[in-house]
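Asks: Please read through the structure below; I'll follow up with questions.
The values are calculated or read from the model by the stated rules, or taken from the named source; none is laboratory data. These figures come from a predicted structure and were not determined experimentally. No Cβ is skipped: glycine too gets one built from the backbone with ideal geometry, and neighbour counts run over all protein chains shown.
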Amino acid sequence: MNKYNPVYQITDWYDTEKIELYQYNKLIKLLNHAYDNIPYYRRIFDEYGVRLNAIKCTKDIESIPILTKKDIINNFSDLIDRRPKIYKKTFKINTSGSTGNPLTIFKDINNKSIANSLYYRYLYNIGYRFRDKQISLWARHKSGFIQEIKNILKRYLYNIIEFNTYCINDIIMDDIKKEIMKNNDIHIIGYSSAIAYLAKYCQHYIKSFPVKSVSITAESIPLSDKNIIKNVFGENVYEYYGCGEVNSLAFECSYHLGLHHAFEHSVLELLDSENKINNIGNVTITDLDNYLMPLIRYQNGDIAIFSNQICPCGRKSKLIYRIEGRVYDFIKGVNGNIAHGGFFDDVLLDSGISEKYRLKDIQIIQTKYDTLSIFYVSNNSISEKDKNILSSLYQKFLGNMTIDYIHVEKLPIQYVEKKRFVISLSEYLKQKENGNFIIIKAQ
């Protein structure tokens, strides 16, 4: 059955006044719930003198302190509703560890259904219909038996052909190319860099092969890469934005002037370094639908820019000009395999090393064609035993590469936007040439 909910086609065209009222009604309900049932928020609201009866519009949540990743880790049990039986079905989400320690977030079925509905509204608006063929390029680590059966059934029901981008090589690229060439009446969906890599591969064989649509997400890519995708697969290239903590945040329309905020699901603020509202700044999200584990004014580590333009499509929701950060690179192994940045995330998560050493920061850089340098910030050095465990997991995909571990006080390559977790050889050489590669080893 299609997850598209036509109710959201109506709200999509709300004017500014209706948007504010819609958000405020959901927000005040969430805040009252948080104060009554979530120990962390009762404590914080009381400590900072947050009076819920003084919140008369969405802008008034400025009185509520920012929620950081560190706050979630340090107050984890106090952020969860202790009445789990009132929720029909709950889910545990493990987020990426690319900006420090990975997070565990709990959601319920209602939250997931709303996020899915908004995502399918986006697909519907760009021409997708139920059972249209999809080629999906995602990084997936191995699931349990039951979950894998569910994934297989879902792919069959929705006519999805999925390719795992953890490890990419020419054989996989050729399989995808052949699938596309069978019938161009398809939608390509997945990581921006994976689709850019596919487009570069395909252009050697087919100069142009327009498809129904291409949806890119999760990463910022150079405009040149986006143009290559358009040259190969046609002009119907769209971007959408979300994160593991709060899905379905913003979606691009056919005018391609930016991404429209999905206001039905969240309040979105951009805050400067002093946490004042700005048109460019830290993405700050209030999930309006997570009652099990409320995330109120949560900063996910991304930087974004609001647009002052009015989109000709007629939507009145906030328009995001560009998402900065969340940039992943590909690492090419000595065996020719190419690993997506998400692969390194999951190895750190699954191995337990990130949690064991409470890694504050980590940066994986391909410093030579056969060498990975792993720079990490932590109070303790990683043991030789754990280095060997981690190295064997990476070498399994990338071949017998040399892997160096360097304990540092701060990451060697700094960026204005969200820090780069994985840096390719070409990017490393460019940054080194510009004098941006500086190592300060831990004492």
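Asks: Looking only at helices (runs of 4 or more DSSP H) that lie completely in segment 128-244, which have at least 1 residues being surrounded by 13 or more Cβ atoms within 10 Å (Cβ to Cβ) and in contact (Cβ under 8 Å) with a residue 40 or more places away in the chain?
Replies: 170-182, 192-202, 223-233
Asks: Between residues in segment 21-37 that are more than 15 Å from residue 263 (Cβ to Cβ) and residues that are modelled with pLDDT under 95, which pairs lie under 8 Å by C-beta distance while being six or more apart or on different chains?
Replies: Filtered contacts from segment 21-37: 37/82; 37/83.
Asks: Return yes when residue 267 is within 23 Å of residue 117 (Cβ to Cβ), in contact with a helix residue (DSSP H, G or I) (Cβ under 9 Å, 6 or more places away or on another chain), part of a loop (DSSP other than H, G, I, E, B) and aliphatic (A, V, I, L, M) and no when it is not. Give the derivation first.
Replies: Numbers: within 23 Å of residue 117 (Cβ to Cβ): yes; in contact with a helix residue (DSSP H, G or I) (Cβ under 9 Å, 6 or more places away or on another chain): yes; part of a loop (DSSP other than H, G, I, E, B): no; aliphatic (A, V, I, L, M): yes.
It is false that residue 267 is within 23 Å of residue 117 (Cβ to Cβ), in contact with a helix residue (DSSP H, G or I) (Cβ under 9 Å, 6 or more places away or on another chain), part of a loop (DSSP other than H, G, I, E, B) and aliphatic (A, V, I, L, M).
Asks: Please enumerate the residues belonging to segment 270-317 that are touching a residue at least 60 places away in the same chain (Cβ under 8 Å) and under 26 Å from residue 10 (Cβ atoms).
Replies: 286, 287, 288, 289, 290, 291, 313, 314, 315, 316, 317, listed by residue number.
Asks: Right, here's the next one. When you go through 92, 56 one by one, which is the residue that is part of a loop (DSSP other than H, G, I, E, B) and surrounded by fewer than 18 Cβ atoms within 10 Å (Cβ to Cβ)?
Replies: Values: 92 fails: part of a loop (DSSP other than H, G, I, E, B).
None of the others qualify; the one that does is 56.
Asks: Right, here's the next one. Evaluate the following for residue 321: is it among the aromatic types (Phe, Trp, Tyr), closer than 30 Å to residue 17 by Cα and under 27 Å from the mean Cα position of the chain (by Cα)? Break it down into steps so the answer makes sense when it comes.
Replies: Values: among the aromatic types (Phe, Trp, Tyr): yes; closer than 30 Å to residue 17 by Cα: yes; under 27 Å from the mean Cα position of the chain (by Cα): yes.
For residue 321, the condition - among the aromatic types (Phe, Trp, Tyr), closer than 30 Å to residue 17 by Cα and under 27 Å from the mean Cα position of the chain (by Cα) - is met.
Asks: Consider residue 106 against the criteria (1) part of a loop (DSSP other than H, G, I, E, B); (2) of a type outside the set (Ser, Thr, Tyr); (3) touching a residue at least 24 places away in the same chain (Cβ under 8 Å): it satisfies all of them except one. Which criterion is unmet?
Replies: Looking at each condition in turn, residue 106 falls short on (1).
Asks: Considering segment 378-392 alone, what residues qualify as being outside any loop (DSSP other than H, G, I, E, B) and surrounded by 17 or more Cβ atoms within 10 Å (Cβ to Cβ)?
Replies: First, the residues of segment 378-392 that are outside any loop (DSSP other than H, G, I, E, B): 384-392.
Within segment 378-392, 390, 391 qualify.
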